[in-house]
1. Binning at 10 angstrom from zero up to the longest distance, how are the C-alpha pair distances of region 140-197 distributed in percent?
2. For a quick protection proxy, order the peptides 175-182, 254-261 by their average other-Cβ count within 10 Å, most packed first.
3. Per residue of region 221-226, in order, report the coupling 6.51 cos²θ - 1.76 cosθ + 1.60 (Karplus, θ = phi - 60°) as ³J(HN,Hα) in whole Hz, putting x for Gly and Pro.
4. Report, to the nearest whole %, how much of the accessible area of region 1-74 belongs to carbon and sulfur atoms, 1.4 Å probe, protein only.
5. How far apart, in nanometres, would the label points at R199 and R69 be if each is projected 7 angstrom from Cα along the Cα-to-Cβ direction?
6. What is the distance in Å between the Cα centroid of region 166-209 and that of region 23-57?
7. Give me the net charge for the shell around L67: Cβ to Cβ below 14 angstrom, other residues only, Lys and Arg +1, Asp and Glu -1.
8. Ratio of region 155-282's C-alpha Rg to 2.2 N^0.38 Å, to two decimals?
Amino acid sequence: MELEVRHLRALCAIADTGSLHKAARQLGMSQPSLTTQLRRIEHAVGGQLFARERTGCRPTPLGRTVLSRARPLVVEMRALLTEARAVAARAADGTPQLRIGSTASRAIPGWLRRLRHRMPEADTSLQMDVSANALLQMVAAGQLDIAFVHEVEGSPLRLPEGLRRRVLVEREPQFVSLAADHPAARESVVHLTDLAADRWMVDPTVDGEWDGLQRVLREAGLSPRVLHGDYLTAATLVATGEVVTVCQPTSVARPDMAVRPLYGDPLGVRLLVVARTTAELDAVYGELEAAYWEAAAEAPAYQNWLLGTRPTTPPPAVEQAPAPPAPQAAARLPRLTPRIPPPGLGPAPVQNLRPTPL
């Protein structure tokens, strides 16, 4: 027997009520039916999930393990159904929808704010995912309208056939975050060799992230200790000096955490916006571009990096996947290496790099 959501829901009901009788009543079924179902579930997982006592049912150690994974799934399924019904209702009454997917970026709040201001009638939803490839597949399948993703240098994304893409930043340098009292934080630029004794943290579920960091460290002749985990946890560990980690240049330093560029900019990503049609790209690109450079203006380390060169490149071109752009078209793509903000958005003088009011 394969476990289904209804089985997980039954386990949660038994644990919450502490009684097969009460759980059965909550689930709208008879107690004998629930008892039979529980036996089948226990057979499927290979062990007893609840200890039957005179005072009721108590989860066994195995039961607690299963419940710890079952509860989030039940909650997510409930949320999925609620959201799906709401979307279906809005579609039925003709409310325009804009479904956005994105990997992590500090530009997202400003992007959504601008879109709400320009398209107040639209129902805009956001789906975050660490996997850029998963988001691209969702756009191709019609589950998302737009995806804003980053492509780690040396790890090309698998762009489904027929999608249109626009390059927001051809090469965004990746910085490093480290504890504010780290000796290397005294300098404005950090050499990788300054971090040779540190333990690095990386999220291997982010497409291309681990491969990119491995390559950079290997080319620098380093083989440091590495801890795998999510970047929310990494921020806490960085602040306490436990780890250092790669971060986006738009990251903002804190009193206990410094953000610095790496000498030579050894690791970069390309920022892409992807949709099924050019019209869909045109509808959201301007707001994203403004939001990105607003976030850049709020990050002193990135601001200083950008101020190294004046803007000289034309606006970005739209490309169609999977064929790479022809040499003539490629020459028109915006190249932000080194330190070139796009036309009209470059900071000169520094005080112009403030958030753009709506």
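1. 15, 33, 23, 17, 12
2. Numbers: 175-182: 21.6, 254-261: 18.4.
Taking the mean over residues of other Cβ atoms within 10 Å, the ranking is 175-182, 254-261.
3. Ordered by residue, 3J(HN,Hα) equals x, 10, 9, x, 5, 10 Hz.
4. Looking at region 1-74 in its full context, I get 50 percent from C and S.
5. 2.6
6. 50
7. Details: positive: R9, R58, R64, R69, R71; negative: D16, E42.
Around L67, the surrounding residues sum to +3.
8. Details: Rg = 16.2 Å, N = 128, 2.2 N^0.38 = 13.9 Å.
That works out to 1.16 for region 155-282.
The values are calculated or read from the model by the stated rules, or taken from the named source; none is laboratory data. The structure presented is a predicted model; accordingly, all values stated were derived computationally and were not measured. Counting neighbours? That spans all protein chains shown, and the Cβs are built from the backbone with ideal geometry, glycine included. Note: accessible area is taken over every heavy atom of the protein model, side chains too, but ligands, DNA and RNA are not part of it. Shrake-Rupley method; radii C 1.70, N 1.55, O 1.52, S 1.80 Å.
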